[in-house]
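Contents: one structure, followed by commentary.
Rule-based calculations on the coordinates, nothing more; no lab input. These numbers come from a predicted model, not from an experiment. Here the Cβ positions follow ideal geometry from the backbone for every residue, glycine too, while neighbour counts run over all protein chains shown.
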């Protein structure tokens, strides 16, 4: 059976995530309001600008429905700004978060738009992710990781892909490459639930 994966469609590259999900055999469903969360197997919170996305979540009254979705144990992948929303705390407290992953994030810690770069994950990590290319655009840094947060990949010694329970957070944009492994991890989380 094809898994239905929602993509928060307030801002961010929804189309690129939909393409990546199709590549791993999932059906992408845009999520713009609470009713769109019904019957989803998993959810992607894409990158974009975290303040804009947070305002959209408030305007569409999505914070509490998303918290219930997370509390029900559904797998969720947050990329870049989506990872910020999954954190328990943002260093400058500039956006309300969903508190799904025990970590403190620092927004735009890798620099401005002109500082964007791509780099492979460090060797010696999870062999299934070896050679994964990570694209960083105004990316957050996972400043502090709490108990129960597993580091799946690092770049330059810094954690860039983490997991806690059924939630994955990537400080980079996996949808901007042809490598499906991060989205495949999300689908594997569905099978474990």
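Numbers at a glance
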| read-out | value |
| --- | --- |
| Residue check for residue 47: touching a helix residue (DSSP H, G or I) at 6+ places or on another chain (Cβ under 7 Å) and on the phi < 0 side of the Ramachandran plot | yes |
| Filter result for the condition that a residue is on the phi > 0 side of the Ramachandran plot and either free of Cβ contacts under 8 Å to residues at least 60 places away in the same chain or surrounded by fewer than 13 Cβ atoms within 10 Å (Cβ to Cβ) (or both), over 99, 125 | 99 |
| Enumeration of residues in the range 129-143 that are without any contact (Cβ under 8 Å) to a residue 40 or more places away in the chain and in a loop (DSSP other than H, G, I, E, B) | 130, 131 |
| Scope the range 102-117; condition assigned to a strand (DSSP E or B) and touching a residue at least 24 places away in the same chain (Cβ under 8 Å); matching residues | 102, 103, 104, 105, 106 |
